[in-house]
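The values are calculated or read from the model by the stated rules, or taken from the named source; none is laboratory data. This is a predicted model, so every value here is computed, not measured. Here the Cβ positions follow ideal geometry from the backbone for every residue, glycine too, while neighbour counts run over all protein chains shown.
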Number of protein chains: 2
Amino acid sequence: MTVPQNTSPDEAGRIVLSIDAMGGDRGPSAVVSGIARSAKKNPELDFILHGPAAELERLVARKKHLRGRVEIRDAAGVVTMHDKPSQVMRQGKGTSMWSAIEAVRDGEATVCVSCGNTGALMALSMVRLRKLPGVNRPAIAVLWPSRNDHNFNVMLDVGADIRADAEDLLQYALMGASYARNGLDLPRPRVGLLNVGTEEHKGRSELKEAAELIGDHAADANYDFVGFVEGGDIPGDVADVIVTDGFTGNIALKTGEGTASLIGDLLREAFKFSPLSRFASLLAYTSLRRLQKRIDPRRVNGGVFLGLNGTVVKSHGSADATGVSAAVKLAFQLAKTGFTERLAARVASTAGKQQDAPKLLDSSGAS
Amino acid sequence: MTVPQNTSPDEAGRIVLSIDAMGGDRGPSAVVSGIARSAKKNPELDFILHGPAAELERLVARKKHLRGRVEIRDAAGVVTMHDKPSQVMRQGKGTSMWSAIEAVRDGEATVCVSCGNTGALMALSMVRLRKLPGVNRPAIAVLWPSRNDHNFNVMLDVGADIRADAEDLLQYALMGASYARNGLDLPRPRVGLLNVGTEEHKGRSELKEAAELIGDHAADANYDFVGFVEGGDIPGDVADVIVTDGFTGNIALKTGEGTASLIGDLLREAFKFSPLSRFASLLAYTSLRRLQKRIDPRRVNGGVFLGLNGTVVKSHGSADATGVSAAVKLAFQLAKTGFTERLAARVASTAGKQQDAPKLLDSSGAS
């Protein structure tokens with residue numbers, strides 16, 4: 001391996017994030033506004049910003065909270081939403097996305113954030129950062145509004161790979177638990193395996209095998225395994241981490257988002273129906289705002305790529321400044337806890353062939 | 001085949017439904033209240049009601065709209081939610097569920113309705129009604145609240161079988177289109193195949209093969225194929241029928257239900273937060289009721305078993321009188337349109353080996 005260790009907080013205790021300014025639906029101005037918002041709230045943050053230098057310099061100059069905290073890396077090329085991942089892998093050098101990942105690869109930044117094309121971002125991350133030893137398939141994890149006290153569950157994989165065998169699902173459990181510890185501050189997360197029923201005899205054979213593997217590693221890897229869970233448990237409170245293959249996870253994610261969006265629209269329609277209901281909606285404004293904030297997808301903006309030598313946060317393509325700032329906040333938290341190194345240690349210490357290797361971390365087993 | 005043709009409307013133009021009174025979470029009184037509600041609204045309906053005769057007679061006697069319209073079939077045994085399907089198949093004779101299916105098998109009723117154990121109901125339906133010629137795997141179809149003008153989409157399979165190959169998915173498309181024509185009055189439904197992206201190169205290989213098959217049969221079978229759709233399109237407006245395997249469909253269904261239920265609870269919480277928001281919720285009462293009615297799962301209560309010699313409607317186990325009445329309404333509509341025979345003709349006329357068989361229906365191709 002020639003990939004250098006990614007450094008955590010640099011000498012001065014500051015966190016440097018690598019930001020792809022291009023590729024989102026709202027262009028670089030939304031990205032610059034988002035990082036400015038984060039910079040204002042969080043004095044520990046610095047940025048390396050990738051994209052066309054002239055344009056970025058102009059945008060950054062307007063934000064006083066970014067003064068002296070942004071290094072601009074000129075990259076003229078942009079990966080669009082329509083570019084094929086395979087093409088970007090071959091010809092993507094010179095794009096802002098490539099440059100943003102490179103800064104993590106070179107250890108200049110701890111975490112990369114991009115609003116761009118998911119498939120291309122994953123493909124570039126795979127070839128430039130490479131997979132962690134012991135990981136066969138990287139995964140994308142999202143936070144999902146739930147009934148749990150901490151308001152969110154982790155679900156993975158939501159679409160890095162459409163296949164996953166029992167060993168892959170075990171890796172997802174390990175990585176998801178590690179993410180829940182570092183991203184949600186849960187010391188001992190509860191892990192559930194998604195299936196069509198909770199009874200042991202249900203589901204495909206690879207799921208039964210995966211359930212055994214995940215159960216076997218629970219004590220060592222410091223999580224509780226709650227067994228099979230169903231679709232209704234993704235927003236529920238029986239598990240903190242929901243493990244599934246990328247095909248099922250992607251469909252569940254989009255079904256949940258689509259359902260929430262339909263209900264939101266119908267709710268707005270209902271309140272527009274009559275003068276009385278319009279008046280009611282004014283009175284209920286703060287209540288409805290509170291609800292909206294609780295389930296606003298912009299505030300849980302960021303799929304995290306797990307299983308690579310470096311952490312990449314994928315923001316929604318349609319993210320506005322609020323969304324970008326939420327993704328930056330998540331990236332900061334993961335950088336601050338040294339998540340990349342902890343995850344690597346966890347996976348390495350549990351990977352079958354490396355079971356006898358010494359643990360790299362503190363003896364509490366948390367990672 | 002010794003199974004007799006299921007008759008449509010009997011001599012007097014009346015529709016007879018076979019109702020399993022037992023096995024739901026709320027017992028036979030909810031079922032009897034539900035069918036009484038339907039009987040009041042719809043004078044064309046008669047019922048054969050299966051369960052312990054003494055108890056049912058007492059419950060039916062209290063409902064004036066059921067007078068002279070219910071035939072009670074004594075069946076002492078009850079299939080519980082915990083019974084294994086394989087066990088019910090061997091030892092289920094004498095249960096109300098078995099008896100209810102038998103009345104459809106014998107041609108005494110057109111459609112069977114049960115609130116009982118889904119797995120057991122499907123297993124019994126398979127052995128007693130048998131699969132339609134040309135169908136390899138029967139499917140369960142549900143109606144899903146959507147942005148479409150007709151307010152619902154059809155999705156199948158939501159859990160009859162965890163596997164489906166390309167041929168099975170084609171059968172689901174044919175059966176789902178037929179259901180949309182007869183259940184939603186859509187002359188030419190738009191069919192979509194669920195995948196992780198809409199681009200042609202995405203997804204598993206059996207999905208690419210299925211997409212070709214479903215596209216090839218569109219003209220003959222009188223539907224439009226819109227290609228791949230994503231999870232967000234299940235409650236959307238790009239397709240009327242969403243085709244997927246039973247594993248994915250079950251997870252999507254339960255994820256959607258769980259998300260809707262979480263939002264509903266958070267909405268109630270939001271409105272309880274302060275005296276002002278409680279007052280607002282009073283003013284907004286009719287608006288919120290309207291929304292609730294639109295997405296109330298009780299009002300779209302009924303998974304339909306497709307691909308058997310006879311139609312079975314599976315009501316939610318937790319259905320109250322409103323839920324049972326909704327399932328009965330759906331069963332009535334399917335009985336009235338002669339859905340069972342139309343579906344059989346459609347599948348037979350499209351099944352590969354029977355492509356040259358004469359069409360059994362009107363030349364318009366609608367079935």
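Of the helices (runs of 4 or more DSSP H) that lie entirely inside region B:212-307, those containing 1 or more residues that are within 14 Å of another protein chain (Cβ to nearest Cβ), farther than 29 Å from B:ARG130 by Cα and modelled with pLDDT of 90 or more span B:246-272.
Going by the conditions given, is A:ALA54 of a type outside the set (Phe, Trp, Tyr) and farther than 18 Å from A:SER114 by Cβ?
Values: of a type outside the set (Phe, Trp, Tyr): yes; farther than 18 Å from A:SER114 by Cβ: yes.
For A:ALA54, the condition - of a type outside the set (Phe, Trp, Tyr) and farther than 18 Å from A:SER114 by Cβ - is met.
Of all residues in region A:341-357, at least one satisfies being more than 23 Å from A:SER18 (Cα to Cα), more than 13 Å from the chain's Cα centre (by Cα), at pLDDT 75 or above and buried (at least 23 other Cβ atoms within 10 Å of the Cβ). All conditions but one from (1) in contact with a strand residue (DSSP E or B) (Cβ under 7 Å, 6 or more places away or on another chain); (2) at pLDDT 95 or above; (3) crowded, with 20+ Cβ neighbours inside 10 Å apply to A:LEU59; the one that does not is (1).
So which residues in region A:175-196 are free of Cβ contacts under 8 Å to residues at least 60 places away in the same chain and either at positive phi or part of a helix (DSSP H, G or I) (or both), if there are any at all?
A:ASP185
Comparison of B:VAL312, B:VAL241 shows that the only residue that is closer than 24 Å to B:LEU124 by Cα, in contact with a strand residue (DSSP E or B) (Cβ under 8 Å, 6 or more places away or on another chain) and crowded, with 21+ Cβ neighbours inside 10 Å is B:VAL312.
From the list A:SER125, A:SER178, pick out the single residue that is under 21 Å from A:VAL104 (Cβ atoms) and outside the structural domain of A:GLY256 (by TED's automatic domain parsing). Residue meeting the stated conditions: A:SER125. Residues that are within 16 Å of the chain's Cα centre (by Cα), closer than 30 Å to B:THR259 by Cα and not aliphatic (A, V, I, L, M) within region A:102-147 comprise A:SER114, A:CYS115, A:GLY116, A:ASN117, A:THR118, A:GLY119, A:ARG137, A:PRO138, A:TRP144, A:PRO145, listed in sequence order. Scanning region B:147-166 for residues that are closer than 20 Å to B:ASP245 by Cα and assigned to a loop (DSSP other than H, G, I, E, B) yields a total of 9.
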